[in-house]
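Participant: Dumping the structure here so I can ask a few things about it.
The values are calculated or read from the model by the stated rules, or taken from the named source; none is laboratory data. Note that the structure is a prediction, hence the values are computed from the model and not measured. All Cβ positions, even for glycine, are placed from backbone atoms using ideal geometry, and neighbour counts span all protein chains on display. All accessible areas refer to the heavy atoms of the entire protein, side chains included, with ligands and DNA or RNA removed. Shrake-Rupley method; radii C 1.70, N 1.55, O 1.52, S 1.80 Å.
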Amino acid sequence: MHSIYVWPQDWTGKVLKEDTCVYKAVGNGYQKTSFTLSVGQEFTVKGDMGDSGGWAYGVSENGTWGYIPISRISTKGTVSQYNEMGFVWPLEDTEINFISSPYGPRSSKNGGNHKGFDITTGNSGEIMGKPVVTAYSGTVKKIYIDNEKQTSHGNAIVITADKIDPVSNKNLAIIYMHLSKWQTNSSGNIVVNGKVIKEGDEVTVYQIIGKAGNTGYNTTGAHLHYEVNNQNSVIRSGSNNPFSQTINPIYFYMDKSVLMDMDMIQMQRR
């Protein structure tokens, strides 16, 4: 069986440079089929192997399903391309790197899709109050204050990153949820490490924007819900963004020694 990272949003590229055969997965390898794609033909990518030198899985414009070398179309939107963007880990303490609830289909009784991933240590008391930092420089797009558990996101901040998503061609929006109670000044602005942070402010990479907490409605204790939206959107209607507008944050950290249950990462086996 072959595992690929599935894309919530398909992307389409054209075959580059030379004709390419369409392959099928057989055992641990790939076998040529009778189908060939000519230069200029479109191939809609449904997923990839996480390696720009690897394989894309999808469908051609004539309806042919299979694998082709991803280098034959482009590296637009590949897992490896996101990994090269330079996002830093969103916690100042990089030793806290366990993902308790990955992105994708939930296995819990609540079902549905998890639109980001949850970072914790397995013990909520250990992550409570740990500084949360910006994963990339950008602009504060939206701040939500909810200390009374009235929303699913609690205290949250949305940062528009100074980085364009290769699939949507829009800025990536990075969303940090369940932050602990902020201090506020007389104007109602939040204050972090003695510095006022308000909507429209520019932030730098590694800047502390809050602390991990347990605000908002959740059933798993203190953790940081970390979400990446590639439509430059804020949180909608007091809840999360549509799943189809998010991408898996793990794509930014494929070589960063992140700990998780690999069976829980959203993969599709063909």
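Participant: With the full set of protein chains in place, find how many percent of the accessible area of the chain is carbon and sulfur; take the probe as 1.4 Å. Intermediate values should be presented prior to the final figure.
Facilitator: Numbers: 5540 of 12310 Å².
About 45 percent, which is the carbon plus sulfur part of the accessible surface.
Participant: Now, a different point. Within segment 1-99, list the trypsin sites (Lys or Arg not before Pro) lying in a DSSP loop whose Cβ has at most 15 other Cβ atoms in a 10 Å radius.
Facilitator: Taking segment 1-99 and a limit of 15 other Cβ atoms within 10 Å, the loop trypsin sites (Lys or Arg not before Pro) found are Lys17, Lys76.
Participant: Here is a further query. Which of these values of mean projected area of the Cα convex hull in nm² was calculated from the structure shown: (1) 26.4; (2) 20.1; (3) 15.0?
Facilitator: (3)
Participant: 7 Å from Cα along Cα→Cβ at both Glu95 and Lys24: what's the point-to-point distance in nm?
Facilitator: In this crude spin-label approximation the distance works out to 5.2 nm.
Participant: If I take R0 = 30 Å and measure r between the Cβ atoms of Asp10 and Ser137 in this structure, what FRET efficiency does the formula 1/(1 + (r/R0)^6) give, to the nearest 0.05?
Facilitator: Efficiency, rounded to the nearest 0.05: 0.55.
Participant: May I pose another question? For segment 32-149, place one equal point scatterer on every Cα, skip the solvent, and apply the Debye formula. What is log10 of I(q)/I(0) at q = 0.12, 0.13, 0.20 Å⁻¹?
Facilitator: -0.71, -0.79, -1.19
Participant: Hand me the trypsin sites (Lys or Arg not before Pro) from segment 157-253 located in a DSSP loop with no more than 15 other Cβ atoms within 10 Å, in residue order please.
Facilitator: Sites meeting the loop and neighbour criteria: Lys170, Lys198, Arg236.
Participant: Now a separate question. At a threshold of 8 angstrom on Cα-Cα distance, excluding pairs fewer than six apart, so keeping six or more, what relative contact order does the chain reach in percent?
Facilitator: Working: 673 pairs, mean separation 56.2, N = 270.
It comes to 21 percent, rounded to a whole number.
Participant: Ok, one more. Quick one: Karplus J couplings for segment 32-48, per residue in order, coefficients 6.51, -1.76, 1.60, θ = phi - 60°, nearest Hz, x for Gly and Pro?
Facilitator: 5, 9, 7, 8, 10, 9, 8, 3, x, 6, 8, 9, 8, 7, 9, x, 8
Participant: Taking R0 as 30 Å, what FRET efficiency do you get between Thr33 and Lys76 from their Cβ-Cβ distance, rounded to the nearest 0.05?
Facilitator: Here the calculated transfer efficiency is 0.80.
Participant: Continuing with this model, one more query. To the nearest 500 deg cm²/dmol, what mean residue ellipticity at 222 nm is calculated for the chain from DSSP H runs of n ≥ 4 alone, each contributing -39,500 (n - 2.57), summed and divided by the residues?
Facilitator: -500 deg cm²/dmol
Participant: Spelling out what I want: for every residue of segment 8-16, take phi, set θ = phi - 60°, compute 6.51 cos²θ - 1.76 cosθ + 1.60 (Karplus), and round to whole Hz; glycine and proline get x.
Facilitator: x, 10, 5, 9, 10, x, 9, 4, 9
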